[in-house]
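A.B. asks: Handing you this structure, nothing more for now.
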């Protein structure tokens, strides 16, 4: 049975998954790049970026799980890029260069239709205008029995959580304040939605928790 | 110079300092009592309750700091008790029995005047109807050069944070979800208010952080 998973979504102590005012230069909003201070040094992140080395241990163990058994991704449009409103042209191809770190189909939620983009390395960006359930149906079919991973951002995760469609979500809490931005959990009653904290492994760099939906 | 400190204020992963629906039987609201699972086993908590033993280590180190150098406390009315609106009589004398664990003057914020209550062991409850600044002035005078500690709850801390009157705040993040209740930080831009995370010490039971206001 294909599961719906979230990995490595990082929030600040005050609960924000990104800072305010995302631009092409600040994909995680103002101050948001420091969220990933736990992730950048890991071997997993360094490998994604073609580098040798990197730290091993708990942070890297969590970081690396996002690669295991995932057949398709879903992400919100703002995770795909900084463009807002109707697409002015087809020039934006994601933040990740010619060979993005997905290597499977990626379904991008948007209100504006966009042609499919084939990248190097197996990543294909499909654009879904029919909402979160249509995206999940298409991603599940494309995953061919493997799991579907929801990448983010916060608004996308909130929609899937509210619909109780996420089975398991790894969140890293980074020891910093953002003050404003995209809040992950405020106003979502995760307890009433059936979620509980099933794993809690703190490190010097972040507090890792896994929230799991009861069946 | 007298400082304004907060200690041992505990929030859930989703940021709540108490669950919903506080009553006499559930001082921390529904589900809120589990917030303190990191605190209850410590030697500090056990001593407060007249017991020997208890755990030592990081959790206890943080727990015990609330006793150091504090000359007066401030708390919100809901931390003092479950009574709402005008006081029906003077029978409620706090949650803590005859000898509360404060042993110094405690200033309770309320909209409704109430006579002072002298307890055993040096705790005196004063009731302040003039707002947070009046409470802080009176507490600072009563502390006679020692520090003032703001106990909580969330609504009281939010008011003092927004006014930039807290110098240092220890928050423990407990690995559980509350889903709803009293949110500590949502909508407060702590970063813009000048706060930063200056200490981050996670344990198996909680993630301890200290937020400090820049001068």
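A.B. asks: So, in region B:15-45, how many residues would count as being on the phi > 0 side of the Ramachandran plot and free of Cβ contacts under 8 Å to residues at least 60 places away in the same chain?
C.D. replies: Count: 1.
A.B. asks: Here is a follow-up. Going residue by residue through region A:175-190, is there one that turns out to be crowded, with 16+ Cβ neighbours inside 10 Å and over 19 Å from residue B:185 (Cβ atoms)?
C.D. replies: Scanning region A:175-190 turns up no residue that is crowded, with 16+ Cβ neighbours inside 10 Å and over 19 Å from residue B:185 (Cβ atoms).
A.B. asks: Among the residues of region A:136-152, are any assigned to a helix (DSSP H, G or I), away from chain B (no Cβ under 14 Å) and touching a helix residue (DSSP H, G or I) at 6+ places or on another chain (Cβ under 7 Å)?
C.D. replies: Within region A:136-152, not a single residue is assigned to a helix (DSSP H, G or I), away from chain B (no Cβ under 14 Å) and touching a helix residue (DSSP H, G or I) at 6+ places or on another chain (Cβ under 7 Å).
A.B. asks: Being at negative phi, surrounded by fewer than 19 Cβ atoms within 10 Å (Cβ to Cβ), touching a residue at least 40 places away in the same chain (Cβ under 8 Å) and assigned to a strand (DSSP E or B), is that true of even one residue in region A:46-61?
C.D. replies: no
A.B. asks: Looking only at region B:99-109, which residues are assigned to a loop (DSSP other than H, G, I, E, B) and buried (at least 18 other Cβ atoms within 10 Å of the Cβ)?
C.D. replies: If the condition is that a residue be assigned to a loop (DSSP other than H, G, I, E, B) and buried (at least 18 other Cβ atoms within 10 Å of the Cβ), then B:100, B:102, B:104 are the ones that fit.
A.B. asks: Please determine, by comparing only the residues of region A:153-177 that are free of Cβ contacts under 8 Å to residues at least 40 places away in the same chain and touching a helix residue (DSSP H, G or I) at 6+ places or on another chain (Cβ under 8 Å), which one is farthest from residue A:74 (Cα to Cα).
C.D. replies: Of everything passing the filter in region A:153-177, A:163 is farthest from residue A:74 (Cα to Cα).
A.B. asks: Answer with yes or no whether residue A:157 is assigned to a loop (DSSP other than H, G, I, E, B), over 16 Å from residue B:176 (Cα atoms) and more than 12 Å from chain B (Cβ to nearest Cβ).
C.D. replies: no
A.B. asks: Considering only region A:174-205, state which residues are part of a strand (DSSP E or B) and within 7 Å of chain B (Cβ to nearest Cβ).
C.D. replies: Residues satisfying the conditions are A:183, A:195, A:196, A:197, A:200, A:202.
A.B. asks: Filter region B:70-86 for residues that are over 19 Å from residue B:134 (Cβ atoms) and either modelled with pLDDT under 95 or in contact with a helix residue (DSSP H, G or I) (Cβ under 7 Å, 6 or more places away or on another chain) (or both) and give the result.
C.D. replies: B:81, B:82, B:83, B:84, B:85, B:86
The values are calculated or read from the model by the stated rules, or taken from the named source; none is laboratory data. Values in this document were obtained by computation on a predicted structure and should not be read as measured data. A quick note on method: Cβ atoms are made from the backbone with ideal geometry, for glycine too, and the neighbour counts reach across all protein chains shown.
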